[in-house]
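Enquirer: Quick one: the structure is below, and I'll ask about it shortly.
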Amino acid sequence: MADVKKHDTPMCDELKKGPWPSFVDDVEQRGLHGKQECLDMLGQLELSYKHKETHWKHGGIVGVFGYGGGVIGRYSDVPELFPSVAHFHTIRVNQPASKFYSSAFLRKLCEIWDHRGSGMTNFHGSTGDMVLLGTKSDQLEPVFFDLTHQMGCDLGGSGSNLRTPSCCIGKARCEWSCLDTQAICYDLTQTFQDELHRPAFPYKFKFKVSGCPNDCVAAIARSCCSIIGTWKDDIRIDQSAVKAYMGGEIKPNAGAHGDRDWGKFDIQKEVIDLCPTKCMWMDGDTLKIDNRECTRCMHCINVMPAALRPGTDVGATILVGAKAPILEGAQMSTLAIPFIRMEPPYDEFKEFVDKIWGWWMEEGKNRERFGELIQRFSIQKFLKVAELKPIPQMVKEPRSNPYVFWSAEEVEGGWKRDIAEFRKRHAA
Amino acid sequence: MAVDKEELKKKVLEFATKKAAHKSKMYIKDLYAADPNASPREVKNAANELVREGKLEFFSSGSTTMYGVPGFGKTLEGAFEEEK
Ligand code: HEM
Ligand code: HEM
Ligand code: SF4
Ligand code: SF4
């Protein structure tokens, strides 16, 4: 049955004019083909543009029975104008690791959602979940039943919970992956089911897993605990392929910048001079790397993938505390563990997680992200809690980070301070 | 050292009910005060179990979660405003 568009939406319509497909077109089409919610949603959006204020009410119910997350309650504050979106709850669905789907899975999911919700989806939300946008309260349990019983999938995290862990495509398709990102992501999801489904923390907590320092899931920018694949041994070099790059037989960057003629490939200019630690050089026609100085930035490997590959002694670097700019500005995560083995059952990593969660649950203020907790106390306090040793890589540059002070117990032999003795020699 | 779970649930519920009279939505951190001997994890587990039993309820903005006692109403925006 075709629906009629009752609201004029000139400002929303502007968005259709750009070069890319617009969500306004998509939503409107779905609305004109039977989903009045879609048309009401656009109508309310138009009103919000006009008032420069949102017309969604803040929060409410948070889940299905037994869960304290995965459903985000949304209600219109102008339901008399837009009755079909009076209740318009969002459902987060835990995506499969690396976001692999069969077309049958997607069809089935869409069928369920067309039947029980607005038909609008968002693939994927920035946490990684599949996002089902807009349904009524009485549809939540049936949707959950169908997701779990028909699709074999679960709700994701929301609120003060662990958020749905996410990972890059990893070893499934990427030869650079130093980690089985999918296995790690799945294991964390299963291990921390309680934290994922029920609030446990002062605020949200995110794990993201990237197989190598290219960090395709932007773990370093977006997760409270970033797990990034790395290697300990030497970058593998195929010298004949290096020569082939230099001779122009292989395209640099796997041809990724091939839409323009950049001139002849210049290994000195494009690789060696751009190495951030200046640890590469040509010895005649042989490429040399001082691997002790390499920071695993991936640049040389990205430019010459057929010649250079990560090493084979692999593990992960763990960083903590990235967050978006609500308090104190955006923050990237800070190095915590330079190298850790990531083999199932990941006990060493989970012990680390346990320590930092314990600290945050104890000391974290309401709505304080883990990175903000570290900012409020100090890196030093974080290191004590996590039982880690300070290393130079934790300092961004002299004087912008706090000094690390040692206590007497931490230094061999320790020391005693006699303030009276000190004052004999130094006036207060 | 571990606190008896049923005891703790009783304390958390009493504490939350008393508090609900003047502040209807609480953070988990507020509930820690129900029993200073219990660890944050124990309080969290007790509170979540009370929700499953229908004696407490969750409220969420989508980004943060708060606990309430069924029947003690105040609009949700009010609850979030209160904390700012
Ligand atoms: C062998 C002798 C010395 C060594 C190895 C030495 C080393 C250092 C170092 C490593 C710093 C810290 C720099 C930084 O944080 O960026 C520093 C700071 C400083 N040093 Fe020395 N120093 C020496 C002698 C002296 C002497 C003789 C004076 C004064 C008469 C002095 C005055 C200072 C001051 C004022 C600072 C702080 C600078 C600031 O706050 O920006 N130093 N020194
Ligand atoms: C009229 C003379 C002086 C003035 C106006 C002065 C002023 C200052 C100021 C404004 C600071 C920065 C404080 C801060 O950032 O917290 C400072 C730090 C410092 N001053 Fe002076 N100062 C004077 C004389 C001296 C002398 C004679 C010495 C050494 C014999 C000295 C040694 C230092 C040192 C070592 C610091 C760094 C302290 C730290 O970073 O912990 N100053 N001074
Ligand atoms: S982060 Fe690394 S391993 Fe993962 S997909 Fe990107 S390049 Fe490949
Ligand atoms: S990975 Fe980066 S730091 Fe290491 S050798 Fe290559 S360019 Fe240099």
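Every residue, every condition in (1) among the basic types (Lys, Arg); (2) touching a Gly at 6+ places or on another chain (Cβ under 9 Å); (3) open to solvent by less than 20 Å² (accessible area, probe 1.4 Å); (4) under 23 Å from A:Arg367 (Cα atoms), yes or no:
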residue: A:Leu81; (1), (2), (3), (4): no, yes, no, no
residue: A:Val93; (1), (2), (3), (4): no, yes, yes, no
residue: A:Ala104; (1), (2), (3), (4): no, no, no, no
residue: A:Val131; (1), (2), (3), (4): no, yes, yes, no
residue: A:His149; (1), (2), (3), (4): no, no, no, no
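Enquirer: Give the residues of segment A:278-318 that are open to solvent by less than 20 Å² (accessible area, probe 1.4 Å), part of a strand (DSSP E or B) and touching a residue at least 40 places away in the same chain (Cβ under 8 Å), sorted by residue number.
Expert: Within segment A:278-318, A:Leu287, A:Leu308, A:Gly315, A:Ala316, A:Ile318 qualify.
Enquirer: So, in segment A:170-183, of the ones that are under 19 Å from A:Cys297 (Cα atoms) and not in a helix (DSSP H, G or I), which residue ends up nearest to ligand 4 (Cβ to nearest atom)?
Expert: A:Trp176
Enquirer: Taking the residues in segment B:2-47 that are closer than 25 Å to A:Arg369 by Cβ and open to solvent by 50 Å² or more (accessible area, probe 1.4 Å) as candidates, determine which candidate is farthest from the chain's Cα centre (by Cα).
Expert: Checking each candidate, the answer is B:Arg41.
Enquirer: Can you find, within segment A:362-386, the residue that is farthest from the other protein chains (Cβ to nearest Cβ) among those that are in contact with a Lys or Arg (Cβ under 7 Å, 6 or more places away or on another chain) and part of a loop (DSSP other than H, G, I, E, B)?
Expert: A:Arg369
Enquirer: Here's a follow-up. Restricting the search to segment A:48-88, which residues are among the hydroxyl-bearing types (Ser, Thr, Tyr) and touching a helix residue (DSSP H, G or I) at 6+ places or on another chain (Cβ under 6 Å)? Outline the logic, then answer.
Expert: In the first step, residues of segment A:48-88 are kept if they are among the hydroxyl-bearing types (Ser, Thr, Tyr); the result is A:48-49, A:54, A:67, A:75-76, A:84.
Those that are among the hydroxyl-bearing types (Ser, Thr, Tyr) and touching a helix residue (DSSP H, G or I) at 6+ places or on another chain (Cβ under 6 Å): A:Tyr49, A:Thr54, A:Tyr67, A:Ser76, A:Ser84.
Enquirer: Assuming A:Ser118 fulfils every condition listed in (1) touching a Phe, Trp or Tyr at 6+ places or on another chain (Cβ under 8 Å); (2) within 16 Å of ligand 3 (Cβ to nearest atom) apart from one, which condition is it?
Expert: Checking A:Ser118 against (1) touching a Phe, Trp or Tyr at 6+ places or on another chain (Cβ under 8 Å); (2) within 16 Å of ligand 3 (Cβ to nearest atom), the one that fails is (2).
So that you can scan it fast, the table gives a plain yes or no per residue for (1) on the phi > 0 side of the Ramachandran plot; (2) within 14 Å of another protein chain (Cβ to nearest Cβ); (3) away from ligand 3 (no atom under 16 Å from the Cβ):
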| residue | (1), (2), (3) |
| --- | --- |
| A:Gln150 | no, no, yes |
| A:Asp154 | no, no, yes |
| A:Gly157 | no, yes, yes |
| A:Ser160 | no, yes, yes |
| A:Cys167 | no, no, no |
| A:Trp176 | no, no, no |
| A:Asp180 | no, no, no |
| A:Tyr186 | no, no, no |
| A:Tyr203 | no, yes, yes |
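Enquirer: Yes or no: segment B:70-80 includes at least one residue that is at pLDDT below 85 and within 11 Å of the chain's Cα centre (by Cα).
Expert: Looking through segment B:70-80, none of the residues is at pLDDT below 85 and within 11 Å of the chain's Cα centre (by Cα).
Enquirer: Here's something else I'd like to know. How many residues are part of a loop (DSSP other than H, G, I, E, B) and touching a strand residue (DSSP E or B) at 6+ places or on another chain (Cβ under 9 Å) when one looks only at segment A:235-258? Don't jump to the end; show me each part of the working.
Expert: First, pick out the residues of segment A:235-258 that are part of a loop (DSSP other than H, G, I, E, B): A:235, A:238, A:247-251, A:256-258.
Going one step further and asking which of them are touching a strand residue (DSSP E or B) at 6+ places or on another chain (Cβ under 9 Å), we end up with A:235, A:238.
The number of residues fulfilling the criteria is 2.
Enquirer: Evaluate segment A:185-208: report whether one residue or more is of a type in the set (Val, Ile, Thr) and within 16 Å of ligand 4 (Cβ to nearest atom).
Expert: Keep residues of segment A:185-208 that are of a type in the set (Val, Ile, Thr), which gives A:189, A:191.
Imposing the further condition that a residue be within 16 Å of ligand 4 (Cβ to nearest atom) reduces the set to none.
No, segment A:185-208 contains no residue that is of a type in the set (Val, Ile, Thr) and within 16 Å of ligand 4 (Cβ to nearest atom).
Enquirer: Further, regarding this structure: Within segment A:220-229, is there a residue that is open to solvent by 40 Å² or more (accessible area, probe 1.4 Å) and under 18 Å from A:Ala183 (Cα atoms)?
Expert: no
The values are calculated or read from the model by the stated rules, or taken from the named source; none is laboratory data. Quantities reported herein were computed from a predicted structural model and do not represent experimental measurements. Cβ: placed from backbone, ideal geometry, glycine included. Neighbour counts: every protein chain shown. Please note that ligands, DNA and RNA were not included when accessible areas were found on the heavy atoms of the full protein model with its side chains. Shrake-Rupley method; radii C 1.70, N 1.55, O 1.52, S 1.80 Å.
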